[in-house]
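Since the structure comes first, as C-alpha cells, the remarks are kept for the end.
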Amino acid sequence: MSQGHITVVGSYVVDLMSRTPHMPKPGETVLGGPFRMGPGGKGGNQAVAASRQGSQVFMVTKVGEDQFGKDALQNFTRERIDTSYVFIDREEATGVALIAVDDQSENMIVVALGACGRLTSADVEQAEETIRNSAVVLVQLETSLEAVKKTLELAQKHGVPVIMNPAPYQKISKELLQKVTYLTPNETEASLLTGIEVTDEESACLAAKVLYQWGVPQVIITLGKKGCYYYNGRNTGTLYPGFQVDAVDTTGAGDAFNGGLAHALAEGQSISEAIRCANAVAALSVTKPGTAPSMPTKAEVTRFLQQR
Ligand code: ADP
C-alpha cells in the first residue's frame, strides 16, 4: 500500500521510574527500587508506535542541551524517526517524568515538561513543509498550547487530516476542536471535555454526539479493554471491541492506539480497518511493561490480527 509520512507534534520526556513499598507521605523518604529509566512523553511514545508499524515519522519537539537531550536524538534515530525538527532549548532542561509505583501498582507521577513545554509556534512553523506533505498529523496536549494551535492552523491551511489526542486534559476552545479531523479522548478526557461521565458505550455515544455537534467530524473515544467507540454523525456510532489479552502494564495504551491509528490512516486504510489496527497495536502494548519499549512491531501486529 502506498503511504505518506506522519508528523507528530508533541512531548518528549525521560521516564524515571522506581518501585516503592508504599507511597511516601509528605516529608517522608522511602527506600525504593529497582530503578528504570527510558524515553517517554506522549508525543515520543506515539511516534515510536507509528514508526514501529512502518510509517515514516517526523518528530516535532524540543529537548534541552544536556545528556537527556542527546539520548533523545539517539533514541529517535534508533527508532527510525526523523529528528530534523527536534529543537534544542539552550535554557531549559529536557523534560522528565518522576514516576513512583507502589506494591498495589498504584502510581504517582510528576511531569516536568522542561524544554518540550517551550515549543513555540515559530518552531512549528519551521516544519510547515513537512506538515504540508504529511498524510496525517498527530498532536496531543502535552506541549505548549501555542504549538498545538499552530499545528492545527497549518494542517488546516494545507488540507492535511489531524488526529488530536486531547491528553493530558486541558481546557481547549471549540474553535480549536473544529480544526481537528479525528479526536481521540479516553473516558476521563471525554468526560472532562463534555461534562458527561463516560463509562460505557451508552455514555460514550452521548459524549461523542456533543463533540460532533461542537464541530469535530470524527470522534473516537477509547474505553480501555472495552475497546473504543466511533461516531461520525451517521446512525448511532459503532463500538469496536478491544482484543482480549493478558494485560501486564496498561500505561501507554492510549499512545499505542494513537500511533497505530495514525499509521493505518496514513497507509490509506478505511476508518474501520484503521481502528482495528489501533486496537491491536494497543492490545499488544499492554502485554509488555513500559510505554515506548512496549510498542509492538508490524510483524507482531500482522501475526496477531491473522490469529483473530
Ligand atoms: P489511555 O491509556 O489513554 O487511558 P485507554 O485506557 O482507553 O487509553 O486505552 C486505549 C486503548 O488501548 C483501548 O481503546 C484499547 O484498544 C487498548 N486497551 C487498553 N487496555 C486494554 C486491555 N486491558 N486489553 C486490551 N486492550 C486494551
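Residues are listed down the side, and each one gets a yes or a no for (1) farther than 20 Å from Glu129 by Cα; (2) of a type outside the set (Val, Ile, Thr); (3) at pLDDT below 95:
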{"site": "Asn45", "(1), (2), (3)": "yes, yes, no"}
{"site": "Arg52", "(1), (2), (3)": "yes, yes, no"}
{"site": "Phe58", "(1), (2), (3)": "no, yes, no"}
{"site": "Thr61", "(1), (2), (3)": "no, no, no"}
{"site": "Leu73", "(1), (2), (3)": "yes, yes, no"}
{"site": "Thr77", "(1), (2), (3)": "yes, no, no"}
{"site": "Ser84", "(1), (2), (3)": "no, yes, no"}
{"site": "Thr94", "(1), (2), (3)": "yes, no, no"}
{"site": "Asp103", "(1), (2), (3)": "yes, yes, yes"}
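The listed residues are Arg276, Arg308, and the only one of them that is under 28 Å from Asn232 (Cα atoms), among the charged types (D, E, K, R) and crowded, with 17+ Cβ neighbours inside 10 Å turns out to be Arg276. Tell me yes or no: at least one residue of the range 119-132 is surrounded by fewer than 24 Cβ atoms within 10 Å (Cβ to Cβ) and under 23 Å from Val281 (Cβ atoms). Scanning the range 119-132 turns up no residue that is surrounded by fewer than 24 Cβ atoms within 10 Å (Cβ to Cβ) and under 23 Å from Val281 (Cβ atoms).
For the range 247-257, filtered to residues that are surrounded by 20 or more Cβ atoms within 10 Å (Cβ to Cβ) and over 18 Å from Leu305 (Cβ atoms), the residue that is nearest to the ligand (Cβ to nearest atom) is Gly254.
Yes/no per residue for (1) aliphatic (A, V, I, L, M); (2) modelled with pLDDT of 95 or more; (3) assigned to a helix (DSSP H, G or I):
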| position | (1), (2), (3) |
| --- | --- |
| Thr199 | no, yes, no |
| Glu202 | no, yes, yes |
| Arg234 | no, no, no |
| Phe243 | no, yes, no |
| Thr250 | no, no, no |
| Asp255 | no, yes, yes |
| Gly259 | no, yes, yes |
| Ala262 | yes, yes, yes |
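Right, Ala97: part of a strand (DSSP E or B) and of a type in the set (Gly, Ala, Ser) or not? Here the answer is yes, as Ala97 does meet what is asked.
Note on the range 175-202: residues that are within 28 Å of Thr130 (Cβ to Cβ) and more than 20 Å from the chain's Cα centre (by Cα) amount to 1. The number of residues in the range 202-246 being within 14 Å of the ligand (Cβ to nearest atom) and either surrounded by fewer than 15 Cβ atoms within 10 Å (Cβ to Cβ) or among the charged types (D, E, K, R) (or both) comes to 5.
The values are calculated or read from the model by the stated rules, or taken from the named source; none is laboratory data. Computed from a prediction, not measured in an experiment: that's the story for all the values here. With ideal geometry, Cβ positions are generated from the backbone for all residues, glycine too; neighbour counts draw on all protein chains shown.
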